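Since the structure comes first, as structure tokens, the remarks are kept for the end.
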Amino acid sequence: MGNFLAGKVIAVTGAGRGIGRAVALGAAAEGARVVVNDYGVSMDGASPASEVAEGVVKEIEAAGGEAVAVADDVSTMAGGQRVVDVAVSSYGRLDGVVCVAGILRERMLFNMSEEEWDPVVATHLKGTFTVFRAASAVMRQQRAGTLIGFTSGNHQGSVSQANYSAAKGGIISLVRSAALGLHKYGVSANAVAPVARTRMSANVPMELAEIGEPEDVAALVVYLLSDRAAEQGITGQVYTVAGPKIAVWAQPRELRAAYASGGWTPERIAEFLPGSVGADPMPMLLQLERMEKAAREGARPNAQ
């Protein structure tokens, strides 16, 4: 057992499997008392089973740690509140929440149904909000705490996961809003975009050149939950971790601007915009074009 998180109380959603489980185990191994939340559903959000969270609690206890299970659905306000309430009632405080819970329902945008859109956005984005909302009220009173949301490189866009990508982009904006709104109360908020071998990544339709294990992600999350990260002022950031690689994403900002005296007309925009303002190339579109070209030539999707 380490002591990087000694004395802290950490709640982790989606902690029954994959990255969430690794985070829960990693936090416990570093001295935290852990609230293990998992609705216990399959990858598409069906067939909930409470024993999934309980199994991770048993693992933590067997290793000498302390943990409690919560099997509620965090896509509901009551579910998010219960995660926080159990932390406070069991351990007296809440120092960090890590929102990993997520599901997938893939479909091309022109075929996607409301039943495929709503549950994905509810689990990822609303499920992060419900826990952040309840936790931030506690942390504001404590004047300390850490919120961690889980996003994805797919916040840049996706061919067949518009629901997932939209939710992941929303989580980044939610994290940045939390960082701004809670900074004066001593509360930080950050997002992690992992690339790791899980049941979700197993279905990615391309070879991933940079990928790690859930335990690599857990190491970054433990740091972000620690006093060390708080002392170093880490907030409002988006980090990717992929095996040995850690990267930080740029903050949104304007690239170029042009001004017109007397206002714009469509004709003036057509003249000015391409040369003066231009466009910012879309990395995912360039990658898609490379993959399509490779597929036509019979090569691997992302061969160099």
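The values are calculated or read from the model by the stated rules, or taken from the named source; none is laboratory data. Bear in mind the structure is a predicted one, so any value in this text is a computation, not a measurement. Cβ atoms come from the backbone with ideal geometry, glycine included; neighbour counts cover every protein chain shown. In case anyone asks, the SASA skips ligands and DNA or RNA and just uses the protein heavy atoms, side chains included. Shrake-Rupley method; radii C 1.70, N 1.55, O 1.52, S 1.80 Å.
Cβ-Cβ distance of S90 and R290, R₀ of 51 Å, FRET efficiency by 1/(1 + (r/R0)^6): the value works out to about 0.50.
Classify segment 243-303: rounded, prolate or oblate, from the alpha-carbon gyration tensor (a ≥ b ≥ c, eigenvalue square roots; a/c under 1.5 rounded; otherwise prolate if a/b is larger than b/c)? Oblate shape, in that a/c is at least 1.5 and b/c is the bigger or equal ratio. Here the accessible area of the chain is 54 percent carbon and sulfur, with a 1.4 angstrom probe and all protein chains present. For the chain, adding -39500 (n - 2.57) for each run of n ≥ 4 DSSP H residues and dividing by the number of residues yields -12500 deg cm²/dmol at 222 nm. For segment 280-286, the Karplus equation 6.51 cos²θ - 1.76 cosθ + 1.60, evaluated at θ = phi - 60°, returns couplings of 9, x, 8, x, 5, 5, 5 Hz by residue, with Gly and Pro reported as x.
Remark on A11: its backbone amide H falls under 5 Å from those of V35, G96, V97, V98, a criterion applied only to residues 5 or more positions apart or on other chains, H modelled at 1.01 Å from N.
Applying a threshold of 29 Å to the alpha-carbon distances of K126/K184; K184/K245; K168/K245; K58/K184 flags K184/K245; K58/K184 as lying beyond it. Which percentage, to the nearest 5, of the DSSP beta bridges contained in the chain is antiparallel? Rounded to the nearest five, the antiparallel share is 10 percent.
Using the Cβ-Cβ distance between K184 and R107 with R0 set to 35 Å, the FRET efficiency works out to roughly 0.25. In straight-distance terms, cross-link reach from K293 covers every one of the aspartates and glutamates whose alpha-carbon lies under 20 Å from its own, apart from those fewer than eight places away in the same chain; here that gives E207. Backbone geometry of segment 116-125 corresponds, through the Karplus equation with coefficients 6.51, -1.76 and 1.60 at θ = phi - 60°, to 3J(HN,Hα) couplings of 8, 7, 4, x, 5, 5, 5, 5, 6, 7 Hz, x marking Gly and Pro. Per-residue 3J(HN,Hα) values for segment 77-85, derived from phi via the Karplus relation 6.51 cos²θ - 1.76 cosθ + 1.60 with θ = phi - 60°, read 4, 5, x, x, 5, 5, 4, 5, 4 Hz in sequence order (x marks Gly and Pro). Tally Lys and Arg at +1 and Asp and Glu at -1 over the other residues with C-beta under 11 Å from the C-beta of A71: what net charge comes out? Every neighbour counted, the sum reads -4.
Each peptide in 158-170, 254-266 was scored by the mean count of other Cβ atoms within 10 Å over its residues; highest first, the order is 158-170, 254-266. For segment 133-152 and segment 273-298, compute the distance between their C-alpha centroids and round to whole Å. Value for the Cα centre distance between the two parts: 38 Å.
Ranked by the mean number of other Cβ atoms within 10 Å of their residues, highest first, the peptides 24-31, 171-178 come out as 24-31, 171-178. Note that the chain presents 50 Å² accessible area per residue, ligands and nucleic acids not counted, probe 1.4 Å.
Structural descriptor for the chain: relative contact order 15 percent, calculated from alpha carbon pairs under 8 angstrom and at least 6 residues apart.
Remark on A67: its backbone amide H falls under 5 Å from those of V34, a criterion applied only to residues 5 or more positions apart or on other chains, H modelled at 1.01 Å from N. The slack between Y259 and K245, meaning 0.36 nm per residue of separation minus the straight C-alpha distance, is 1.0 nm.
Put simply, the amide H of V238, placed in the peptide plane, has neighbours under 5 Å in A191, W249, leaving out anything fewer than 5 places away on its chain. Label-to-label distance for E59 and Q141 is 3.2 nm, based on points extended 7 Å past Cα in the beta-carbon direction.
A simple packing score, the average count of other Cβ atoms within 10 Å per residue, orders the peptides 213-221, 96-104 as 96-104, 213-221, with the highest score first.
For the chain, pairs of C-alpha atoms spaced more than 34 angstrom apart make up 26 percent of the total.
Segment 1-15 and segment 55-74 have Cα centres spaced 11 Å apart.
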